[in-house]
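Colleague: Sharing a structure here in C-alpha cells format.
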Amino acid sequence: MEREIICVVCPSSCRVTVKAKDGEVTGVSGYSCRRGRDYAVHEFAAPVRTLTTTMQAEGYVSPIISVRSSRPMPKEKQAACMEVIRKEIVKPPFDMNRVVIENILETGVDIVLTNC
C-alpha cells in the first residue's frame with residue numbers, strides 16, 4: 001500500500017509518500033525535514049483533526065455559539081461527534097474554554113467554548 005500525504009507542518013507543503021505492508025510502514029520519501037517525516041507516518045497510521053463547529057445556545061446574544069475540541073481527535077470519530085453536538089444546547093455561563101461536553105464519545109477529548 002502506498003499513500004501520498006501533503007505535510008502541513010511548515011509552509012513547504014512537501015508531498016510525502018508513505019509505503020506500508022501489512023500495516024507496517026516500510027518506507028517514507030519526499031520529506032525535507034524530520035518533522036515532515038514524523039507527521040506523514042503519524043497521519044498514515046492514525047489521522048487526527050481538531051473539530052471546530054457551532055452549537056445551539058440558550059441565553060446567548062446569538063442562537064449559536066462556537067465550540068472546538070480541546071485537542072485533536074481521531075478523524076474517523078468526527079462525524080459521530082457531530083451527531084452528539086447537534087443534539088446539545090449550551091446554557092450560561094459562556095466562559096471561554098468552558099467544557100460543554102466532557103469526554104465526547106469516550107475519546108478523551110472535551111468540547112469547549114471558543115471566543116464567547
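Colleague: Considering only residues that are charged (D, E, K, R) and surrounded by 11 or more Cβ atoms within 10 Å (Cβ to Cβ), look in segment 12-27 and name the one that is farthest from VAL41 (Cα to Cα).
Modeller: ARG15
Colleague: Out of the residues in segment 54-76 that are within 23 Å of HIS42 (Cβ to Cβ) and in a loop (DSSP other than H, G, I, E, B), which is nearest to the chain's Cα centre (by Cα)?
Modeller: For segment 54-76, the residue satisfying everything is PRO72.
Colleague: Same structure, new question: May I ask you to list the residues in segment 1-52 that are in contact (Cβ under 8 Å) with a residue 40 or more places away in the chain and assigned to a loop (DSSP other than H, G, I, E, B)?
Modeller: Of segment 1-52, the ones in contact (Cβ under 8 Å) with a residue 40 or more places away in the chain are 3, 44, 51-52.
Answer for segment 1-52, where residues must be in contact (Cβ under 8 Å) with a residue 40 or more places away in the chain and assigned to a loop (DSSP other than H, G, I, E, B): just LEU51.
Colleague: With the checklist (1) surrounded by 19 or more Cβ atoms within 10 Å (Cβ to Cβ); (2) at pLDDT below 95 in hand, flag the one item LEU113 doesn't pass.
Modeller: Of everything listed in (1) surrounded by 19 or more Cβ atoms within 10 Å (Cβ to Cβ); (2) at pLDDT below 95, LEU113 misses just condition (2).
Colleague: Pairs under 9 Å by beta carbon, first residue on the phi > 0 side of the Ramachandran plot in segment 88-111, partner part of a loop (DSSP other than H, G, I, E, B) and surrounded by 15 or more Cβ atoms within 10 Å (Cβ to Cβ), six or more apart or different chains?
Modeller: Hits for this filter: ASN97/SER70; ASN103/VAL109; ASN103/ASP110.
Quick grid of which residues meet (1) touching a helix residue (DSSP H, G or I) at 6+ places or on another chain (Cβ under 9 Å); (2) surrounded by 13 or more Cβ atoms within 10 Å (Cβ to Cβ); (3) more than 21 Å from ASN115 (Cβ to Cβ):
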residue	(1), (2), (3)
CYS33	no, yes, yes
VAL41	no, yes, yes
GLY59	no, no, no
ILE64	no, no, no
MET73	yes, yes, no
VAL84	yes, no, yes
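Colleague: Also, I was wondering about something else. Considering only residues that are in a helix (DSSP H, G or I) and among the charged types (D, E, K, R), which ones fall in segment 77-116?
Modeller: LYS77, GLU83, ARG86, LYS87, GLU106
The values are calculated or read from the model by the stated rules, or taken from the named source; none is laboratory data. If you're wondering where the values come from, they're calculated on a predicted model, not measured in any experiment. In this analysis, Cβ positions are derived from the backbone assuming ideal geometry, glycine residues included, and neighbour counts consider all displayed protein chains.
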